[in-house]
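Here's the structure, in structure tokens; my notes come after.
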Amino acid sequence: RKTAPMQRKTAWMQRKTAPMQRKTAWMQKKMAWMQRKTVSKQRKMAWMQMKMAWMQRKTAWMQRKTVSMQRKTVSMQRKMVSMQRKTVSMQRKTAIMQRKAASMQRKAAIMQRKAASMQRKAAIMQRKTASMQRRAEMQRKTAWMQRRRAVMQRKTAVMQREVALMQRKMMMKRAIMQKKTQRKTALTQRKTSLTQRKTSLTQRKTALM
């Protein structure tokens with residue numbers, strides 16, 4: 001009589017123990033999953049902190065770079081203003097040199113007119129000399145006039161050589177000044193173009209920042 005109740009109780013205990021064991025196993029699995037999830041969250045938090053620190057460093061670097069680019073832009077603008085001033089100065093010098101060349105041309109024209117006047121005077125002297133030669137009593141005067149005419153011819157030849165020399169010098173000076181002016185103007189234009197390209201590139205970079 002006592003054995004049957006004991007067996008039934010033992011069977012009932014065994015039936016109750018099996019779900020408890022399954023529940024215990026499930027609780028252990030859930031605990032392990034929770035621990036893995038906690039570790040994953042801790043790693044993710046550490047990674048986020050590292051990313052935040054990196055972003056802060058990058059932001060500081062970008063701010064420094066922006067300040068540097070702004071300084072460079074200001075420097076380039078100052079250089080542009082300086083180049084423009086130099087260009088204006090070169091243009092003024094070119095105008096002055098052109099005015100000097102025109103003055104030299106006017107002086108050369110005056111010298112040519114003087115040489116033509118000397119030639120006309122020499123022709124007049126030649127005619128007078130011919131008139132004097134027709135008179136026998138005026139032979140001494142004729143000889144004197146001939147000597148004077150020779151002197152005038154030599155002076156005229158000297159004046160003509162001086163005029164030709166001045167013209168050549170003027171042409172050479174004009175050509176040299178034109179070459180110098182063209183070189184300086186071309187160099188100034190190239191520098192201005194390069195400065196503009198650098199400025200535009202700097203502005204685009206700044207805009208992209």
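The values are calculated or read from the model by the stated rules, or taken from the named source; none is laboratory data. Keep in mind that this is a model prediction, so the values were computed, not measured. Counting neighbours? That spans all protein chains shown, and the Cβs are built from the backbone with ideal geometry, glycine included. SASA here: full protein model, heavy atoms, side chains in, ligands and nucleic acids out. Shrake-Rupley method; radii C 1.70, N 1.55, O 1.52, S 1.80 Å.
Quick grid of which residues meet (1) part of a helix (DSSP H, G or I); (2) farther than 30 Å from Ser117 by Cα; (3) free of Cβ contacts under 8 Å to residues at least 40 places away in the same chain; (4) among the basic types (Lys, Arg):
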{"position": "Arg154", "(1), (2), (3), (4)": "yes, no, yes, yes"}
{"position": "Met159", "(1), (2), (3), (4)": "yes, no, no, no"}
{"position": "Leu165", "(1), (2), (3), (4)": "yes, no, yes, no"}
{"position": "Lys169", "(1), (2), (3), (4)": "yes, no, yes, yes"}
{"position": "Lys173", "(1), (2), (3), (4)": "yes, no, no, yes"}
{"position": "Thr192", "(1), (2), (3), (4)": "yes, yes, no, no"}
{"position": "Arg197", "(1), (2), (3), (4)": "yes, yes, yes, yes"}
{"position": "Arg204", "(1), (2), (3), (4)": "yes, yes, yes, yes"}
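Of everything in the range 68-88 that is within 17 Å of the chain's Cα centre (by Cα) and among the hydroxyl-bearing types (Ser, Thr, Tyr), the residue that is least open to solvent (accessible area, probe 1.4 Å) is Thr73.
Among residues of the range 62-73 that are of a type in the set (Ser, Thr, Tyr), those with a Cβ under 9 angstrom from a residue that is open to solvent by 60 Å² or more (accessible area, probe 1.4 Å) and in a helix (DSSP H, G or I), sequence gap 6+ or separate chain, pair up as Thr73/Gln203.
For the range 104-133, the tally of residues that are within 30 Å of Thr185 (Cα to Cα), of a type outside the set (D, E, K, R) and open to solvent by 40 Å² or more (accessible area, probe 1.4 Å) stands at 2.
Among the residues of the range 168-191, those identified as under 30 Å from Met111 (Cα atoms), charged (D, E, K, R) and open to solvent by 90 Å² or more (accessible area, probe 1.4 Å) are Arg168, Lys169, Lys173, Lys179, Lys180. Is the range 112-125 home to any residue that is among the polar types (S, T, N, Q) and within 30 Å of Thr202 (Cα to Cα)? So far as the range 112-125 goes, no, none of its residues is among the polar types (S, T, N, Q) and within 30 Å of Thr202 (Cα to Cα). Taking the conditions (1) open to solvent by less than 90 Å² (accessible area, probe 1.4 Å); (2) under 30 Å from Gln203 (Cα atoms) in turn, Ser40 satisfies each one other than (2).
Report whether or not Met48 is in contact with a Lys or Arg (Cβ under 8 Å, 6 or more places away or on another chain) and surrounded by 10 or more Cβ atoms within 10 Å (Cβ to Cβ). Even if it seems obvious, please write down each step before you answer.
Numbers: in contact with a Lys or Arg (Cβ under 8 Å, 6 or more places away or on another chain): no; surrounded by 10 or more Cβ atoms within 10 Å (Cβ to Cβ): yes.
In short, no.
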